[in-house]
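Single-structure report; data block below.
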Amino acid sequence: MDFSLSPEHEMTRKMVRDFAQKEIAPVIKEYDRKQEPIPFALKRMGELGILGICIPVKYGGAGMDYIALGLACEELEAVDTSLRVVMSVHMGLCSLTLLQWGTEEQKQKFLVPLARGEKIGCGAFTEPGMGSDVAAMTTTAKRDGDYYILNGEKMWISIASLADLAMVTVKTNPAARKPSEGLSTFIVDLHSDGVKTGDIHGKLGVRAGSTGWISFTDVKVPVANRIGEEGEGFKITMSAFDGGRYTVASGAAGLVRASLEASVSYARTRKTFGKPIAEHQLIQEKIAKMSQDYEISHLLYLQAGWLKNLGKRCTREISFAKKFATEASFNAANEAIQIHGAYGFSDEYDVERYLRNSKGAIIYEGSSEVQVLIQAGYALGLREDKPLRCEPPAYDEKEWQS
Amino acid sequence: MKIIACIKQVPDSEAKVKVADDGQVTWGEAPLVINPFDEYAVEGALQQKEANGGTVVALCIGPESAKEAIKHALAMGADEGVLVSDTALEGLDSAGAARVLAAAINKIGGADMVMFGRQTLDNGSGLTPPQTARALGWPMLGWVGQIKVEGPSGSVQVERVLEEGRQSVKANMPAVLSIVQSIGEPRYPSFMGIRKASKATIPVWSLADLGISAPTTVVSRAEISNPPTRETVCEFITGETPEAIAEALAEKIMAEKVL
Ligand SMILES: Cc1cc2nc3c(=O)[nH]c(=O)nc-3n(C[C@H](O)[C@H](O)[C@H](O)COP(=O)(O)OP(=O)(O)OC[C@H]3O[C@@H](n4cnc5c(N)ncnc54)[C@H](O)[C@@H]3O)c2cc1C
């Protein structure tokens with residue numbers, strides 16, 4: 001077994017790290033305080049190819065693999081969660097779903113501009129009245145000739161007000177035998193008539209990221225924009241979460257690392273009782289825990305990335321990675337604040353932002369409670385991965401780079 | 001147009017120099033990176049390639065590990081890389097490095113321009129570029145912030161960024177240039193470049209390949225010591241009004257004889 005990263009992975013990591021450290025780190029506090037997205041962030045991520053990192057070259061992407069995606073997310077979130085959130089929805093929920101379930105035509109029309117960063121995508125599943133219970137959604141789409149007519153509202157949608165396209169799951173058959181069989185997924189142009197978007201303010205964290213809502217009033221969506229078959233929406237949404245959760249997991253590993261690095265550097269310089277606090281065992285215990293949690297988070301997402309490269313469904317492994325790393329990132333940030341004492345309580349240091357940013361990931365893309373249900377389901381044999389009509393595509397270096 | 005960018009691998013800028021018991025400098029376990037000043041040379045070379053067509057070769061003297069610095073240049077967009085590596089090259093001084101580089105440049109088949117960073121992060125003498133120009137017998141254009149290649153006459157006009165101001169200079173090609181920050185921020189590696197770099201085979205030339213003997217080292221370090229550690233005291237100046245604070249600050253500055 002070889003645990004080493006390839007030179008490509010190392011260089012990818014360095015490139016994304018340099019970008020985030022040089023261009024985002026100097027301004028992040030300012031935008032987090034203002035509760036505004038960094039205006040140039042999406043554009044730069046597009047120019048650098050990050051927005052299409054693991055999409056085949058023939059679909060406008062950079063042709064790297066899923067491990068490269070994970071490493072990029074780790075580096076982005078080590079600077080700020082808002083950057084990784086972009087990857088979770090633009091890449092995880094939207095682009096990777098198109099890659100798995102889209103027709104060749106849909107890939108050419110929608111995936112290519114997304115991968116090139118010319119268009120921004122998001123994923124809209126949650127509604128004001130439902131989150132975890134996906135099958136309970138009430139936004140509807142009614143077939144009318146060559147169109148579907150969408151009505152309803154999606155809520156808590158990351159980058160809703162910045163995106164051009166949304167992967168949206170809605171109810172097409174309210175009379176379905178099982179509610180989950182009555183859902184369908186569409187790629188919706190957010191510039192269409194009847195679409196409105198807005199931002200939610202007053203969030204605990206991810207304040208330099210946009211989180212918003214999308215309302216649909218008699219929005220005409222061409223039948224050609226339906227992803228998969230009618231009634232396949234639930235399965236497609238679960239695939240989308242496999243992609244999204246992987247980015248959340250790898251990003252959270254970066255957040256653990258950020259808390260660890262901040263803690264190590266502070267503990268070495270701050271002195272109490274005549275010595276650096278790094279020499280007090282109670283502080284060492286916290287740092288040791290962060291460093292172990294980083295290692296575990298890192299290995300768990302690399303395992304998932306490796307399985308994704310092989311084209312294996314890995315909902316279970318992604319769930320382990322997502323739940324562990326997001327909870328570890330919250331704990332690490334919390335302890336990092338403790339290590340910083342009163343200074344950690346101020347936004348002069350980054351660690352309070354890490355704590356505020358970490359909490360969301362324990363709720364979104366399947367809350368920790370939902371992850372427990374998934375994990376228990378696999379462990380008890382109550383849940384199995386039945387074959388899908390469109391399986392996640394394995395990474396094939398030749399094909400992806402030609 | 002053929003451009004050679006000379007690059008060196010150096011310890012990361014965060015590295016702390018230590019003077020070991022034998023009086024020699026060590027950088028500890030510091031990560032090694034492409035000399036940050038040389039990234040501007042690669043950037044300048046790539047800009048000229050884009051403007052005039054041609055190829056960029058990244059040339060480096062160093063141990064096997066220095067291939068990483070070459071790969072960085074390849075990932076940025078350089079077309080080829082060459083490493084000169086030989087155990088006889090340890091402790092090389094700038095004049096020796098210049099001789100070796102000149103031989104390598106000739107073996108590559110010459111160039112229209114050879115670009116350097118203005119200095120290295122480790123030695124920092126800034127002497128290698130002019131000494132290489134001397135060894136090649138080419139004009140030397142130092143501290144260049146802008147480059148314009150002119151017509152078929154084969155001359156290059158540059159703007160030199162000096163403390164006193166800017167200076168416009170023209171020289172015939174081939175020429176050696178040392179490049180400063182005003183050339184523009186070095187680009188990040190692209191994913192395509194990263195893939196190309198990670199698959200590239202980088203030829204390694206020994207002194208025998210270059211057909212030269214090991215240069216004798218004429219400059220060696222007699223003694224090295226760390227600068228005395230500075231005691232820093234932080235003092236907050238308070239006052240009723242901004243004017244009062246400013247006055248107190250001015251008095252402090254005078255008393256400390258800073259001005
Ligand atoms: C910053 C942020 C960004 C987001 N971005 C997006 C996005 O881009 N797209 C999108 O579609 N959504 C997004 N969401 C919404 C997110 O996915 C939902 O909030 C999440 O699915 C939980 O749904 P809910 O908030 O409705 O909570 P509920 O589903 O109402 O759950 C409430 C609580 O009950 C628990 N719970 C629910 N069911 C069970 C059960 N069976 N057993 C035990 N406990 C249970 C939950 O874990 C939670 O603790 C985002 C949310 C946030 C905070």
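The values are calculated or read from the model by the stated rules, or taken from the named source; none is laboratory data. Remember, predicted model here, so these are calculated numbers, not experimental data. So basically every Cβ, Gly included, is an ideal-geometry build from the backbone, and we count neighbours across all protein chains shown. For the accessible areas, the whole protein counts, side chains as well, though only heavy atoms, and no ligand, DNA or RNA atoms are used. Shrake-Rupley method; radii C 1.70, N 1.55, O 1.52, S 1.80 Å.
In terms of distances greater than 19 angstrom between alpha carbons, the cross-link table entries A:Lys196/A:Lys359; A:Lys142/A:Lys220; B:Lys67/B:Lys196; A:Lys203/A:Lys286; A:Lys58/A:Lys398; A:Lys58/A:Lys386 yield A:Lys196/A:Lys359; A:Lys203/A:Lys286; A:Lys58/A:Lys386. Computed from backbone phi, the HN-Hα couplings of the range A:321-332 come to 4, 5, 5, 4, 5, 5, 5, 5, 5, 5, 5, 5 Hz, rounded to whole numbers (Karplus: 6.51 cos²θ - 1.76 cosθ + 1.60, θ = phi - 60°; Gly and Pro given as x).
Our analysis of the range A:7-120 gives Rg over Rh at 0.98, with the two radii drawn from alpha carbon positions and Rh computed by the Kirkwood formula. Return the residues of the range B:179-198 for which accessible area with all protein chains present is lower than in the chain on its own by 30 Å² or more; set the probe to 1.4 Å and exclude ligands, DNA and RNA. By number: B:Tyr188, B:Pro189, B:Phe191, B:Ile194, B:Arg195, B:Ser198.
Over the range A:166-217, what relative contact order in percent results from Cα pairs under 8 Å that are six or more residues apart?
Values: 58 pairs, mean separation 15.5, N = 52.
The value is 30 percent.
Taking the chain by itself as reference, the range A:10-36 contains these residues with an accessible-area loss of 30 Å² or more in the full protein complex (1.4 Å probe, heavy atoms): A:Met11, A:Lys14, A:Met15, A:Lys22.
Two decimals, Cα atoms only, Kirkwood Rh: what is Rg/Rh over the range A:237-401? Looking at the range A:237-401, the ratio lands at 1.09.
Of all DSSP bridge pairs formed entirely within chain B, close to 45 percent run antiparallel.
Taking chymotrypsin sites (Phe, Trp or Tyr not before Pro) in DSSP loop conformation with at most 16 other Cβ atoms inside 10 Å as exposed sites, chain A has its longest uninterrupted site-free stretch at A:41-272. For the range B:53-78, a reduction of at least 10 Å² in accessible area between the chain on its own and the assembled protein chains (probe 1.4 Å) is found at B:Lys71, B:His72. Per-residue 3J(HN,Hα) values for the range A:387-402, derived from phi via the Karplus relation 6.51 cos²θ - 1.76 cosθ + 1.60 with θ = phi - 60°, read x, 9, 4, 10, 7, x, x, 5, 7, 10, 3, 4, 5, 6, 9, 9 Hz in sequence order (x marks Gly and Pro).
Report the longest stretch of chain A that contains none of the trypsin sites (Lys or Arg not before Pro) sitting in a DSSP loop with at most 13 other Cβ atoms within 10 Å. Don't jump to the answer; show the numbers that get you there.
On the way: sites that count: A:Arg177, A:Arg389.
With a cap of 13 other Cβ atoms within 10 Å, the longest stretch comes to A:178-388.
A 1.4 Å probe run over the protein assembly as shown, with the rest of the protein chains in place, finds 47 Å² accessible per residue.
With the convex hull drawn around the C-alpha atoms of the protein assembly as shown, the volume per residue stands at 220 Å³. Within the same chain, lysines fewer than 8 places from B:Lys170 are excluded, and of the rest, those with a Cα less than 20 Å from its Cα are B:Lys2, B:Lys49, B:Lys148.
Modelled this way, with points 7 Å down the Cα-to-C-beta line, the labels at B:Asn106 and B:Asn172 are 1.9 nm from one another.
Using the Cα gyration tensor of the range B:2-210, with a ≥ b ≥ c the square roots of its eigenvalues, what is the shape: rounded (a/c below 1.5), prolate (a/b larger than b/c) or oblate (neither)?
On the way: a/c = 1.45, a/b = 1.32, b/c = 1.09.
Verdict is rounded for the range B:2-210.
Beta bridges assigned by DSSP with both partners in the protein assembly as shown are antiparallel in approximately 65 percent of cases. Taking only protein heavy atoms and a 1.4 Å probe, the accessible area of the range A:123-234 is 48% carbon and sulfur.
Per atom type, the range B:161-205 shows carbon and sulfur on 52% of its accessible surface, probed at 1.4 Å. For A:Leu111, neighbours were defined as the other residues whose beta-carbon sits under 11 Å from its Cβ, and their charges (Lys and Arg +1, Asp and Glu -1) total +3. Look at the alpha carbon pairs under 8 Å that are at least 6 residues apart: their mean separation over the length of the range A:7-120 gives a relative contact order of 31 percent. The calculated P(r) of the range A:138-285, using every Cα pair and 5 Å bins from 0, goes 2, 8, 14, 15, 14, 11, 8, 6, 5, 5, 5, 4, 3, 1, 0, 0 in percent.
For the range B:122-162, what class follows from the C-alpha gyration tensor (a ≥ b ≥ c being the square roots of its eigenvalues): rounded when a/c is under 1.5, otherwise prolate if a/b is larger than b/c, else oblate?
Numbers: a/c = 3.70, a/b = 1.51, b/c = 2.45.
Oblate shape, in that a/c is at least 1.5 and b/c is the bigger or equal ratio.
Hey, how much of the P(r) for the range B:69-162 falls beyond 23 Å, as a percent of Cα pairs? Working shown, then result.
On the way: 1336 of 4371 pairs.
So the portion of pairs separated by more than 23 Å is 31 percent.
The heavy atoms of A:Glu36 offer some 80 square angstrom of accessible surface to a 1.4 angstrom probe.
Estimated purely from DSSP H runs of n ≥ 4, each contributing -39500 (n - 2.57), the mean residue ellipticity at 222 nm for chain A is -14500 deg cm²/dmol once divided by its residues.
Using Cα pairs closer than 8 Å and at least 6 residues apart in sequence, work out the relative contact order for the range A:123-234, in percent.
On the way: 266 pairs, mean separation 36.6, N = 112.
Result for the range A:123-234 is 33 percent.
Per-residue 3J(HN,Hα) values for the range B:236-248, derived from phi via the Karplus relation 6.51 cos²θ - 1.76 cosθ + 1.60 with θ = phi - 60°, read 9, 9, 10, x, 5, 10, x, 5, 4, 5, 4, 5, 4 Hz in sequence order (x marks Gly and Pro). Database remark: amide H of B:Gly142 closer than 5 angstrom to the amide H of B:Ser178 (H placed geometrically; neighbours at sequence offset of 5 or more, or on other chains; Pro and chain starts carry no H). Close amide-amide hydrogen proximity is noted between B:Val33 and B:Val10, B:Asp12, each under 5 Å apart and 5 or more residues distant or on a separate chain (H modeled in the peptide plane; Pro and chain starts excluded).
Interface between chains A and B: roughly 1400 Å² of accessible area buried, both sides summed (probe 1.4 Å, protein heavy atoms only).
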